[in-house]
Each structure stands twice: as structure tokens, then as C-alpha cells.
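Beneath this line is the structure, given in C-alpha cells, with notes to follow.
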Amino acid sequence: MRTLALLLLGMLLACSTAQAQKIYKWVDEQGRTQYTQTPPPDESIAVQSTDMERNELSPERRQYCAQIRILALRLANYRRQGLSITSANEAMRQVEVSQDLDVDEFALRELVSFVYAGKRSRRTPSSDIAGRAQDACIGGSFGKAGRSSFADSPDRGGASPAPASRGGRATGTGWITGGLIATNNHVVSGRDRLRVRFADGRESVAFLSDSDADNDVALLRVGGELPPGLPIAAAEAAIGADVFTLGYPHTQIMGSNAKLSTGIVNSTTGMRDDPRLYQISVPVQSGNSGGPLINSQGEVVGLVTAKLSAAQVYRWTGDLPQNVNYAVKVRHLRPLLARTPGSGSNLRAQGGSLEELAERVGPAVVLVIAE
């Protein structure tokens, strides 16, 4: 059986990527405010743009975006010639293959839509459109890597690609238990500097205490006194059980306070019936990785790990999955806790309303910053 670590190479491991991004704010024809990673399709629309955290662009990403520019230039010429969007899609696939470019099929369709979208005049210079497409690519659009970085069949796992580069700053979520901080291994693996930020804003340097890459769990240790930790459930959650998570998704956009998401356990097995995982309907995003999956008694039953890639499943089936996410069962954390004892106490299991549970467990959930 492949390890969970290898499986997660095909996943968007709810950990935030470190690539530079530009966010565009504009108002559409219906008067709705839009926030997008690509400029509005009509150049006449007034737009505000914000540069998110910028890190050095990898050579691989620069090369990939240069390929995107080549394709966008050709597409813009097709549009000027009056070629339909359907014909352009087929023509670009042939160009991508014949010129041995490395662009994912789903990203290619997104690029075609970008060039053909809106009220862009056919008199707009093709080089301008190609330049805008390249800028959007550098900002994070049109896929995260080339086709070779994506799984080519569901046997590879069927979830979104992992970040193309491990450089720069990444964030995830952790939670206190027994005087230690639990999180996903993929959040902290290969990082030289770790910090945690508590709910009250206090930050502390953290050190990797123990990890299990196969099951994607890790324990961090910090100095000083910690808030009471979260208790670990003695039994696994059943299908249909109500669960929720607190975490820190997209902190650069959504803010630095913890966000709560609720759902149920859809299945007691994960992708391809992997017994190590739960499938959950709790919505998760980049930055939720490592967060606690909590039951109605305030006990942790799992660690939020990944979400199924809509792009990948669409490639394989033509269908878009709805809110399919995964958590590692907390029993895979127990061996680490057994051999890495901490000195802190945990809260006792106790039921209550969702508001009461969130208030009680909130101080034990932390932002993990990995550099």
C-alpha cells in the first residue's frame, strides 16, 4: 500500500502556497463586487488590485508562465481571425502537443476562456492580451504546474496537486494536546523555521518534536505555559456524526482570526477506501491543514488533511465534485504522543451548543507558520 505521504503528492494539502498572488477587485454588470485572481475580462472596467505576500518566483514557474504567454499569443490571434472558442480549444490542444509544451488541460481551457472572455475588442493587440495572461499566471492563475506534475489517473489519488515549490512561507493550523501541538507533517516537513501564533496574538518559536510522514501527522514543542489542550476521542467517529473544525485558511485574505466550519462524517474511509482517513463535508481551504476535526463532545477525532481536486476529477470524469474533503484519523497521532510525552493538561470532554464548544476549544487552536 502506498504511504499517505505519497498519496498526498497528488493533493492540494490544505496548506497555503507560497507563490505571489495579485487579487483584483471590480464590479460586474450586475453591480456585484468581484474578487478574482485574474483581471476582469473587459479592460474598460475600473479595477483595484492588491499584491498579496510576494516571494521569489521559482524558475519552474517562470518557465511555465512563459509557455502560457506563447499559447495566449496564439489564442489572441485566433480570436482576431474569428475562430470560435470551441475550435480554439481543439487547436490549442494540438499546439500544446505538437510543440511539446507542458500545460495542464484544465489550465489550458481556463486560458482559452480568459482570452475569449468578455467585451475585449478584437483590435486589442495580441501581445497585450498575452502579457496580461502571463501576469495572471505569475499571480497564480492557469494551474500551479505543468501537466507532468499532475496525477494522470485516479490511481494516483484524484486530488489537487501539491504546491510546486516548498520555498517561501507557508501556513497551516495546529492544536494543543497534552502540552504539545499537533499538526500535519506536510505543513512543517522540510522547513527550517517554525512558529505558532495563539488565539490571543502571542507568538512562540516551535520545534519539531516527532513526526510520521506516512500518516501525515507531526508534533511540535514550544516553551512556556500553554492553554489547556483538546481531549482525543477514545472511539472513531461514525458515519453521519456531526463534526466541525477551527482553522486559519488564507490568512492574507480572510484575516488572522480562526474560522469555524461545520459538517458531517460522510464516510469512515477516505479516497479509494483508505481506512486511515475520514471523508468529511466540512468545508476546508488552504491553511486548514492540521486543524482538529472535533465531535459534539469537544473531542478530536481527526486532523484536517486535504480536499478532493475539482479540476482533476473534471479531467477524469467530466463532473465537478462537491465539497469532498479528508481528515486523518486521530488514532495515527497516538503513537507519537505515547513516545513524546508532554506536560500539559487537557480539557475534559463535554457537550454543548456549537457556540459553547467553539468558545471552549478556541484557545487551543493555533496558527502554524513554517518558513
The number of residues in the stretch 48-68 that are closer than 18 Å to ARG132 by Cβ and at pLDDT 75 or above is 7
With criteria (1) over 30 Å from the mean Cα position of the chain (by Cα); (2) assigned to a helix (DSSP H, G or I); (3) at pLDDT below 85, SER127 comes up short on (3)
(Q) Against the condition in the same structural domain as VAL301 (by TED's automatic domain parsing) and either part of a helix (DSSP H, G or I) or surrounded by 18 or more Cβ atoms within 10 Å (Cβ to Cβ) (or both), how does ALA349 come out, does it pass? (A) no
Across (1) surrounded by fewer than 24 Cβ atoms within 10 Å (Cβ to Cβ); (2) without any contact (Cβ under 8 Å) to a residue 60 or more places away in the chain, TYR278 clears everything bar (1)
When you check THR268 against the structure, is it over 22 Å from SER353 (Cα atoms), surrounded by fewer than 21 Cβ atoms within 10 Å (Cβ to Cβ), at pLDDT 95 or above and hydroxyl-bearing (Ser, Thr, Tyr), yes or no?
yes
In the stretch 88-113, residues that are modelled with pLDDT under 80 and under 24 Å from the mean Cα position of the chain (by Cα) total 10
Within the stretch 239-264, restricting to residues that are in a loop (DSSP other than H, G, I, E, B) and among the hydrophobic types (A, V, I, L, M, F, W, C), the one that is surrounded by the fewest Cβ atoms within 10 Å (Cβ to Cβ) is ILE239
Residues of the stretch 218-271 being of a type in the set (Ser, Thr, Tyr) and farther than 22 Å from VAL366 by Cβ, in sequence order, are SER267, THR268, THR269
Scanning the stretch 212-235 for residues that are surrounded by 15 or more Cβ atoms within 10 Å (Cβ to Cβ) and assigned to a loop (DSSP other than H, G, I, E, B) gives ALA213, ASP214, ASN215, ASP216, LEU226, PRO227, PRO228, LEU230, PRO231, ALA233
* To do: Test GLY82 against the criterion of being more than 23 Å from MET254 (Cα to Cα) and either under 27 Å from the mean Cα position of the chain (by Cα) or modelled with pLDDT of 60 or more (or both), and give yes or no.
  => yes
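The values are calculated or read from the model by the stated rules, or taken from the named source; none is laboratory data. If you're wondering where the values come from, they're calculated on a predicted model, not measured in any experiment. With ideal geometry, Cβ positions are generated from the backbone for all residues, glycine too; neighbour counts draw on all protein chains shown.
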